[in-house]
Amino acid sequence: MIYVIMVGGILQEAVKIVNLFVDKNILVVTQKGRNPEKTIAYKTVNQPVSPQVPLVVLVNGSSASASEIVAGALQDLDRAIVIGQRSYGKGLVQQTFNLPYNSLVKVTVAKYYTPSGRCIQALDYAHKNQNGEAEKFADSVMKAYDTKAGRTVYNGNGVYPDVFIAPIKYSPITISLINKNLLFDYANSYRKANKEITNVKTFQLSDADYAQFVNSLADKDYSYTSRTERLLSDLRTEAENENKLVAVKGDLEELKSKMLSAKKTDLITHKAEIKRVLETQIISRYYFEKGKIEQAFQYDKEILQAKTLFNNQQQMLAILKGDGVYKTIGSPIKSFTSEN
């Protein structure tokens with residue numbers, strides 16, 4: 001089994017990566033521009049290294065450009081299952097031209113098209129809002145295309161995964177601890193107190209370590225205003241504007257009191273989430289960026305889902321054949337989720 005984790009790259013390298021897994025002389029991507037000379041079809045040129053091995057491509061909102069060519073091509077050719085979140089959606093080709101005074105200008109000269117004929121460009125630069133900003137294409141204007149096996153895929157707004165995994169959303173307490181550098185500071189103190197960490201891939205904070213972290217916050221300010229509190233404040237303002245504050249004041253005060261009480265237990269309620277972020281900070285003090293990545297694998301939902309699929313060849317084949325995968329135009333695209 002093979003994972004391909006995509007973030008970016010060069011077009012020619014994207015073609016080479018796809019060529020590792022598909023046969024020779026297979027269309028990977030087409031570059032089309034207004035100038036016919038800029039229309040170029042890129043095909044595989046070598047015999048593949050692993051034409052049959054089960055393959056999964058992991059993508060998220062930061063997967064852009066050449067990485068989307070790899071994901072889109074392998075999806076269109078029904079060669080791999082794409083897991084994660086919708087990719088960035090960069091389907092444009094830029095070319096630089098020299099200018100005087102040692103400067104360059106970058107001009108968009110073409111668009112990328114995957115083997116099925118779709119362009120995954122997300123931003124519509126031809127139509128901008130009143131602030132002059134390009135907006136994303138609406139799902140309602142997306143067009144359907146067929147993969148090699150007849151599965152339905154859509155253009156615009158990036159590559160949508162076959163198996164969608166909800167992105168991580170941190171709680172307000174975690175965001176506050178990050179923004180106020182309290183996790184950063186504790187990681188430094190942990191490094192001073194512990195000379196080494198033996199197993200980077202399985203490192204986890206113990207309950208005693210987390211309790212020590214909580215105690216370190218006793219004299220720290222990590223207060224924050226939750227979305228619920230902001231809504232309560234807005235509701236109070238509206239009630240006051242409509243001369244109804246007297247009628248609902250008691251209820252609003254009761255809700256506010258309950259919110260404050262709930263916030264006092266946030267460090268316990270969100271313990272697992274805070275621990276994971278804190279572990280990342282700590283591991284970076286010993287093994288830097290590589291260590292952070294290796295340690296995070298044990299929590300990575302996309303990798304866990306990929307492992308689950310690799311252990312279920314029947315489901316992998318079902319997805320690649322289009323059985324059980326549903327996508328609709330005009331509403332949020334649906335597909336397998338991590339719960340399936």
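The listed residues are Ala110, Ala144, Ala138, and the only one of them that is more than 19 Å from the chain's Cα centre (by Cα) and over 30 Å from Lys321 (Cβ atoms) turns out to be Ala110. Against the condition surrounded by 11 or more Cβ atoms within 10 Å (Cβ to Cβ), outside any helix (DSSP H, G or I) and either hydroxyl-bearing (Ser, Thr, Tyr) or in contact with an Asp or Glu (Cβ under 9 Å, 6 or more places away or on another chain) (or both), how does Tyr224 come out, does it pass? It is true that Tyr224 is surrounded by 11 or more Cβ atoms within 10 Å (Cβ to Cβ), outside any helix (DSSP H, G or I) and either hydroxyl-bearing (Ser, Thr, Tyr) or in contact with an Asp or Glu (Cβ under 9 Å, 6 or more places away or on another chain) (or both).
The listed residues are Lys180, Lys201, Lys169, Lys192, and the only one of them that is open to solvent by 90 Å² or more (accessible area, probe 1.4 Å), farther than 19 Å from Ala296 by Cα and either without any contact (Cβ under 8 Å) to a residue 24 or more places away in the chain or of a type in the set (Lys, Arg) (or both) turns out to be Lys192. Listed by position, the strands (runs of 3 or more DSSP E) inside segment 60-121 whose residues that are crowded, with 22+ Cβ neighbours inside 10 Å and of a type outside the set (S, T, N, Q) number at least 1 are 81-84, 103-113.
A Cβ distance below 6 Å, combined with a sequence gap of six or more or placement on separate chains, defines the contacts here; from segment 117-143, residues that are closer than 19 Å to Ala64 by Cα reach residues that are aromatic (Phe, Trp, Tyr) and loosely packed, with under 13 Cβ neighbours inside 10 Å in the pairs Ala134/Tyr125. Within segment 130-141, does at least one residue satisfy the condition of being touching a Lys or Arg at 6+ places or on another chain (Cβ under 6 Å) and part of a strand (DSSP E or B)? Yes; the residues of segment 130-141 include at least one that is touching a Lys or Arg at 6+ places or on another chain (Cβ under 6 Å) and part of a strand (DSSP E or B). Reported count of residues in segment 149-163, each being of a type in the set (S, T, N, Q), part of a loop (DSSP other than H, G, I, E, B) and open to solvent by 10 Å² or more (accessible area, probe 1.4 Å), is 1.
The values are calculated or read from the model by the stated rules, or taken from the named source; none is laboratory data. Bear in mind the structure is a predicted one, so any value in this text is a computation, not a measurement. Cβ atoms come from the backbone with ideal geometry, glycine included; neighbour counts cover every protein chain shown. All accessible areas refer to the heavy atoms of the entire protein, side chains included, with ligands and DNA or RNA removed. Shrake-Rupley method; radii C 1.70, N 1.55, O 1.52, S 1.80 Å.
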